[in-house]
Amino acid sequence: MTTTKDITYDMAWCGRAIIPKGTNLIPATNLPDGGYWADEWQNMSIKEESWYRNYGFHITENDL
């Protein structure tokens, strides 16, 4: 599954990330509410890469 549109993601104190259309999504089987984890995408900023490694980008059904 991939994102069907750009998604604005709030990274709290780090600002906002734009998860681009076409980003691969991985089912979030480790969370009770489900959803998806966004996979890496090209041209991630340093802050986005750090957030990805340390927290992950959780995408819910409402975001899609």
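Points worth noting:
- Filtering region 13-46 to residues that are charged (D, E, K, R) and more than 13 Å from the chain's Cα centre (by Cα) leaves only ASP33.
- Matching residues, region 23-64, being within 16 Å of ASP6 (Cβ to Cβ), among the small types (Gly, Ala, Ser) and touching a Phe, Trp or Tyr at 6+ places or on another chain (Cβ under 6 Å): ALA38
- Of all residues making up region 1-50, the number that are acidic (Asp, Glu) and within 13 Å of ASP63 (Cβ to Cβ): 3
- Among residues of region 40-64 that are of a type in the set (S, T, N, Q), those with a beta-carbon under 7 Å from a residue that is in a loop (DSSP other than H, G, I, E, B) at least six positions away or on a different chain give the pairs THR60/GLY35.
- Hey, ASP10 under 12 Å from the mean Cα position of the chain (by Cα) and without any contact (Cβ under 8 Å) to a residue 12 or more places away in the chain or not: yes
Values quoted throughout were computed directly from the atomic coordinates according to the rules given, and no laboratory measurement underlies them. Computed from a predicted structure; not experimentally measured. Cβ atoms come from the backbone with ideal geometry, glycine included; neighbour counts cover every protein chain shown.
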